[in-house]
Amino acid sequence: SLGQLNKDIVPTVTGAGFEALKYNEAVQLTERLTSAVHSSTANPLFDAFARQAMLDNLLRGGYPEFLGSKQDPKVYHTFSRIHGDLERDYNNFQIDASYFSQGSGNYRDVNQNRRVDVLLFPRLKDFNLREFLTLKQADGYNPLTVTTAFFVLNGGADELATATTLDEPSADALAALLERPFRPGQLFTDAYKAGVNLTLAPKDFLDTVAAASTQVYSANYTHEGFWADHWTYDLDQIESFEAIYPDKLEYAMWDAPKLAFYMSSGTVQPRDFKYVEVEINGETAIRQYNAVYDDPDKLGQLADREAKPDGFYELALDESGLTDEDHTYVYEVAPITKLVLLCVTRMAELDPSGMGMEMEANKPGWNDAMNGLPGLLGSGMPETAETLRLVRWIIALCRKYPARDISVPIELNELIVKIDDALDTITDDDFAYWDFVATAREDYRYKVRLFFSGEDLVIPNGQLVAYFSKYETKLERAIEKSLEYTDGVIMPCYFSHEVVEYEYTGYQSYLHQKFVRALKFKTHVYPLFLEGPVRQLKTIKRDDGNAMTAIYEAVAKSPLYDAPIGQYKICESLAGQSFEMGRMMAFTPGWLENESIWLHMSFKYYLELLRGGLYDAFWHAMATGAPYNMDVDIYGRSPLECSSFIVSSAYPDANLWGTGFLARLSGSTAEFLSMWTHLMAGPQPFKLSGANTLELALTPSVPAFLFKDDGTVSFKFLGGVVVTYHNPAQIDTWTALPAKYVLHPKKDAPEITLRGPIVPSPYAGMIRDLEYSTIDVYFN
């Protein structure tokens, strides 16, 4: 307000020393926010690049603050906001000027950028995986936007207000604010406007309130449809959790508090109401249009429940079968059930050619510059590869805990049985298999559109493994078949399906387009995209070095590799492709999503080389592909800053080759932070021993050239333990294992020396609990 400006702000900002004070605060804030990825190597630019990546990453994914009690904190991500670059005027870049400011972000982006959270902040535990799985819908999709979480006080507003305010009017005003759901920033703003006089500092007050409240996840469906690939980062969250808490995995999957299902107003149409006959350039064609609609029944139900904190979660019916408020309840399942549902609903989307996953809900994957692909009945191999990865993980989990069965909604079990029947009986006809399973998918969606029945069925552990083993075989064959459309080594990325035979359903759309039922398809493959081999590498067994190398060498020889600048393009030439494919066709080759260097995807590729044990290939790629190694005169910006894209040699003007454009809060920062944690600590620092006890084994991938002259490299482990590697022989650390650990406790206690590559219990758990301040690790 004007009064606040004149009374509070002007005297403060014009006071002596204000600028110096705020500068120091900014420096200290940046130091605090990035200290979790501190490293000290022979390359200061590498170290600084990591910290800048952390800073940019948290502006999209948020920085986890811990509110409430120390024993059971609430996690609240500050600073996060929508993705993208400032030049894109359709994005809202607002960060509210309030305490603990948190903005909205896209599900996929926030999920990706929080992937390393638990590796850097172990107190976070399973918060992220629970949030993102909660936002899964009954159909396996998720809303576009993750919005600011809010809190609901667990009663006792009058007592809490009295205990935290100076006077009765303040207590009355605060109690009224606490009676309704609140967000931290808005609570402080409203309290200020109401003239509340607190007895506690803001952080202490918020801790008190948060400890007495329940945190509620929040999201927003944007009425556009559902992206095909948002879910692919869910398993990343789980694997990150498992890398730190392998001893808590069983609890997190089966025994942790159950999760609800987000419910949006969007309903995916069955095929009979989205395949339409249209005229394209004077010729008759079949397209998939308006595949998702705002369901009036859902809109009505959601409007009726709008005032309830859990008003956007799907309900189940009680024994009466009535749908009123007294006979319905929020339906919840174990986290493992959410994963099984996600996997089954993805398996139900295999395309008519038996290879990719259908883009059947209005949206493609992350590359929305191919926004025309859903209309062309497009499908994606990346989602096939990620479904295979999820299937294998669930099989391994069930085999690890064979005594744990899985309870699923009865509606989901019916879909599982139908898919299993198709896998057994329709083995040589991709179209027939697709038609049968797609019909089963549509039946399932209809049954859970508004309510779950509330009836559950327990699938025995061994039975689920049997089901999913068939999924694994089917998906492996899908990838094998896709290689017939390329050189036999590199997995393609996208297909479209031309309807060549069809019949009319007798209905038409609101645009008077006739609905049709497809009877036969012709498959078309698109040029190579780098995402194809990126996702393909994730399906190769980590000990299969020959397969990894074959893919790497094939990519290096393909048009995806841009030899003049030594980097990898987002795709090969798109010359001759239809403009109907998407807006990327409007860009000049070498610019934006059309054959440029898309840093986000290049970093994904480098990360998979690292994970696959192709260390020489990884460091070779980073030598020309990481901004901190680039010539700044060519790159055209700070070597610590990621770009949205880099102009490739496909661009007509050679003077721009290698120049970065659009400073962007993108996934490239998340991919680099995953590289950094893998390089410094290894892929899974904590594991369970044969005796089922926790142990720590650091397996860094630090090359000899990053060690300083004194033979050391230091980094911060778990955001709070400084680890120093001692490598007097200057070897590449992936060629050897640690010979000795020396643990230095925070308190006045003797240091602990442990010989060998493994830190056993109880010390592994004490390190995870940050009870040691520094660790020295020695390589022979």
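The values are calculated or read from the model by the stated rules, or taken from the named source; none is laboratory data. The model shown is predicted, which means the values in this text are computed figures rather than measured ones. Positions of Cβ are generated from backbone atoms using ideal geometry, with glycine treated the same way; all protein chains shown enter the neighbour counts. In case anyone asks, the SASA skips ligands and DNA or RNA and just uses the protein heavy atoms, side chains included. Shrake-Rupley method; radii C 1.70, N 1.55, O 1.52, S 1.80 Å.
In terms of Cα atoms, the Rg and Dmax of the stretch 156-241 work out to 18.2, 54 Å. Take the stretch 698-780 with all the other protein chains still there, run a 1.4 Å probe, and you get 45 Å² of accessible area per residue. Backbone amide hydrogens, once placed in the peptide plane, bring Glu65 within less than 5 Å of Tyr76, His77, Thr78, excluding anything fewer than 5 places away on its chain. In order along the stretch 642-656, the Karplus-derived 3J(HN,Hα) couplings, from 6.51 cos²θ - 1.76 cosθ + 1.60 at θ = phi - 60°, round to 7, 10, 5, 8, 10, 5, 8, 6, 6, 6, x, 8, 5, 5, 9 Hz, and Gly and Pro are given as x. If you look at the Cα atoms of the chain, you get an Rg and a Dmax of 27.1, 83 Å. Between amide H atoms placed 1.01 Å from N, distances below 5 Å from Lys740 occur with Gly756, Tyr778, all of them 5 or more places distant or on a separate chain. Counting only protein heavy atoms and using a 1.4 Å probe, the accessible area of Arg449 comes to about 50 Å². A simple spin-label model places pseudo-atoms 7 Å from Cα toward Cβ; at Asp167 and Thr473 they are separated by 7.8 nm. Measuring between their Cα centroids, the stretch 325-345 and the stretch 234-278 lie 10 Å from each other. Pairs exceeding a 18 Å alpha-carbon distance, out of Lys74/Lys125; Lys418/Lys447; Lys136/Lys604; Lys136/Lys538: Lys136/Lys604; Lys136/Lys538. The stretch 705-734 and the stretch 294-321 have Cα centres separated by 55 Å. Under a model in which nothing but the beta-carbon of Lys, Arg (+1) and Asp, Glu (-1) is charged, the stretch 173-314 shows a dipole of about 640 debye around its Cα centre.
Ignoring ligands, DNA and RNA, what percent of the 1.4 Å accessible area of the chain is carbon and sulfur? Of all accessible area on the chain, carbon and sulfur atoms account for 52 percent.
How would you classify the stretch 45-187 from its alpha-carbon gyration tensor, with a ≥ b ≥ c the square roots of the eigenvalues: rounded for a/c under 1.5, else prolate if a/b is greater than b/c, otherwise oblate? Here the stretch 45-187 falls in the prolate category. For GluC sites (Glu not before Pro), the sites in the stretch 305-352 that DSSP calls loop and that have at most 16 other Cβ atoms within 10 Å are Glu306, Glu319. Calculated mean residue ellipticity, 222 nm, the chain: -11000 deg cm²/dmol, from DSSP H runs (n ≥ 4) at -39500 (n - 2.57) each, averaged per residue and rounded to 500. So what is the diffusion coefficient of the stretch 649-734 in µm² per second by Stokes-Einstein at 20 °C and 1.002 mPa s, using a Kirkwood Rh over Cα pairs? It comes out at roughly 134 µm²/s. With θ taken as phi - 60° and the Karplus curve 6.51 cos²θ - 1.76 cosθ + 1.60 applied, the whole-hertz 3J(HN,Hα) list for the stretch 770-777 is 6, 7, 10, 8, 9, 9, 9, 10 Hz, x standing for glycine and proline. Once the 1.4 Å probe is applied to the protein heavy atoms, the stretch 463-584 comes out at 47 Å² accessible per residue. Per residue, the accessible area of the stretch 217-332 comes to 42 Å² when a 1.4 Å probe rolls over the protein heavy atoms.
Restricting the calculation to Cα atoms, every distinct pair contributes to the Kirkwood radius of the stretch 326-405, found to be 14.7 Å.
Farthest toward the dipole's positive end in the chain, which of Leu59, Val391, Ser264, given Cβ charges of +1 (Lys, Arg) and -1 (Asp, Glu) about the Cα centre? Farthest along the dipole direction, towards plus: Leu59.
Remark: the stretch 189-230 projects, on average over all directions, an area of 5.6 nm² (convex hull of Cα atoms).
With θ taken as phi - 60° and the Karplus curve 6.51 cos²θ - 1.76 cosθ + 1.60 applied, the whole-hertz 3J(HN,Hα) list for the stretch 304-312 is 5, 9, 4, 7, 8, x, 9, x, 10 Hz, x standing for glycine and proline. From the Kirkwood radius over Cα pairs of the stretch 434-561, Stokes-Einstein at 20 °C and 1.002 mPa s returns a whole-number translational diffusion coefficient of 114 µm²/s.
The rule of thumb for compact globular proteins, 2.2 N^0.38 Å, goes into the C-alpha radius of gyration of the stretch 683-723 1.48 times. The 1.4 Å probe gives accessible areas that order Lys687, Lys193, largest first, as Lys193, Lys687.
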